[in-house]
Structure formats: C-alpha cells, structure tokens
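Here is the structure we will look at.
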Amino acid sequence: MHPFPVRRSASIAATLAVAIGIGCSPCAEAQSSAEPGMFQLYIGGGGGASPMTLDSRDYSATGHFVTQIGTTTETVSQDETFAGSYKGFVGLRFLKYFGIEAGVGHLGTVGFTAEGVGGSGGGAYAFTDRGDYSANMTYVAALLTLPTGSDGGYFHLKGGTAQVKVDVTETLTQEFLLSGLTVEAVYKTSSKVTRPLIGVGYTTPMGTGKLLRVELEHLGEIGKPYMFGTQDGTGRASVTMLTVAYILAF
C-alpha cells in the first residue's frame, strides 16, 4: 500500500488534536472560574452594634407601672441607646445571584430605670425599678447577590423571617414612707414573636476562601405589650443590627 494515505491520516489526526486542545483550553478556564459562583457553601460570624429603642407605649410615665399597679407618679428612662450584638450563620450561594442563609444572633441588651411614688396614707411608698431588656434571634433568609466586578465582591439584599425571644429582668425596690420598711423583688418575663427580617450588605474578598461582610439588618418591632406580673408581658422595642462578619467559603 502507498505510504501517502498513512502520512495524510497522521497529519489530519495531529491537526484535530491541536484544534481540540486549543478550543477546550478557554472552556476549561471559563468552567473553573464559574464554579465558585455556581455553588458556594460558607460559614461566618461577627459582631457590631444594635440601636435598640424601648417602645414608649410600654416604657413611659403613662405606659409602665402607672397603668399596671396604680402608682401615682413615675418617670422612665432608657439607660443605653446602642447595645453590643453578635451572630453566627451558615449559607449557600448559587448561580452567582442567589443564596439562602440561616443563623442565630444576640440583638443586644439595654437597661431601663423607673422611679416614682405610689400608694396613699400609711401605705405610701417610693419605688425604683431597674431592668434589663435582652433579645436573641434565629433566622432563615433568602439573598439576592449582585457581583460588582472580577474581584469577587458583591452587594446583597436579604429578606426572611426571624423568631425573636425577648427576656426582661426587673428588680423592684419599694420603700414605705411611714414605716421605713424596704421590700425588694425580682420579676422575669419572656416572650417570643416572629418578625420579618430585611437587610442589605456588601461582601469583599480577603484572600482565597476568606471574605469580609458589612451588613445592616432591620427587624422592626419585637416583644409583646408590657403587662406587669405576667409571663410574656415583656414590653416592645424596635431594633436594627449593624454587623461586621468574617466568612469562610468552600
């Protein structure tokens, strides 16, 4: 058989091999660069500050003990405006633009003080009530992520639901003016509510598999109407959570 067809077949095979190799090289590169955005598991945690405001319907001269136990005069003040907060979370980002996330967090603790007088005649007394209003949450949320460029950073919008547990501890001290007798009692209440959670944030890469997130989340009203001496009459508050978190992505 003439050797020419063999050489021709070998030449064609070599040409096809080079063409396939050149053609597949950018495909492989594109695939590897797309993989982190297609499916990315991450865990994170961080802390920050939560502006927390006690509701004036429950914590004011007209909404606290005055309407609950018949005190005649009262002043109520919130001791702090900002509370330290922290949280941990786990999430899954997929298709570059979507994600789901679940986590737990401490929304903060603020103190309050109520002072006044009550009773009449021999039963008249002065009182001081010092309390701590503390809130914790668990949440599940969906994320819409918006990449900002080739550096891997992205903005995100968050929407979900959170179960918020509020715990209030009050120490009530009463001094009876006629006898000088002082009585102190501690009251604890707890309530759970489910609230919508919304948030916005930005995530920037800090190295391979390491990210830094700054996030602002809003829960709105938490707690239940104040009712002295009941199990869940904690009073209401509004809270927003600002967090800086460190994330490990896989």
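How do the pairs read when you match residues in the range 149-169 that are open to solvent by 10 Å² or more (accessible area, probe 1.4 Å) with residues anywhere that are acidic (Asp, Glu), using Cβ under 6 Å and keeping only pairs 6 or more apart or on different chains?
Hits for this filter: Thr169/Asp132.
Please verify whether the range 78-86 includes one or more residues that are of a type outside the set (S, T, N, Q), surrounded by 14 or more Cβ atoms within 10 Å (Cβ to Cβ) and at pLDDT 90 or above.
Yes, the range 78-86 contains a residue that is of a type outside the set (S, T, N, Q), surrounded by 14 or more Cβ atoms within 10 Å (Cβ to Cβ) and at pLDDT 90 or above.
Anything in the range 175-203 that is more than 24 Å from Ser134 (Cβ to Cβ) and touching a strand residue (DSSP E or B) at 6+ places or on another chain (Cβ under 8 Å)? List them, or say none.
Residues satisfying the conditions are Glu175, Phe176, Leu177, Leu181, Thr182, Val183, Val200, Gly201, Tyr202, Thr203.
So in the range 170-193, with the set limited to residues that are of a type in the set (Ser, Thr, Tyr) and open to solvent by less than 20 Å² (accessible area, probe 1.4 Å), which one is modelled with the highest pLDDT?
Looking at residues that are of a type in the set (Ser, Thr, Tyr) and open to solvent by less than 20 Å² (accessible area, probe 1.4 Å), I get Ser191.
Which pairs do you get when a residue that is under 30 Å from Gly159 (Cβ atoms), found in the range 97-122, comes within reach of a residue that is open to solvent by less than 30 Å² (accessible area, probe 1.4 Å) and among the aromatic types (Phe, Trp, Tyr), reach meaning Cβ atoms under 7 angstrom, with the pair 6+ apart or on two chains?
Cβ pairs passing all conditions: Glu101/Phe89; Ala102/Phe89; Ala102/Tyr139; Gly103/Phe89; Gly103/Tyr139; Thr109/Tyr133; Val110/Tyr133.
If I filter the range 52-69 down to residues being open to solvent by 50 Å² or more (accessible area, probe 1.4 Å) and not hydrophobic (A, V, I, L, M, F, W, C), which single residue comes out as modelled with the lowest pLDDT?
Ranking the qualifying residues of the range 52-69, first place goes to Thr67.
The values are calculated or read from the model by the stated rules, or taken from the named source; none is laboratory data. What you see is a predicted model; the values in this text were computed from it and never measured. We place every Cβ from the backbone using ideal geometry, glycine too, and count neighbours over all the protein chains shown. Keep in mind that these areas ignore ligands, DNA and RNA; they rest on the heavy atoms of the full protein, side chains included. Shrake-Rupley method; radii C 1.70, N 1.55, O 1.52, S 1.80 Å.
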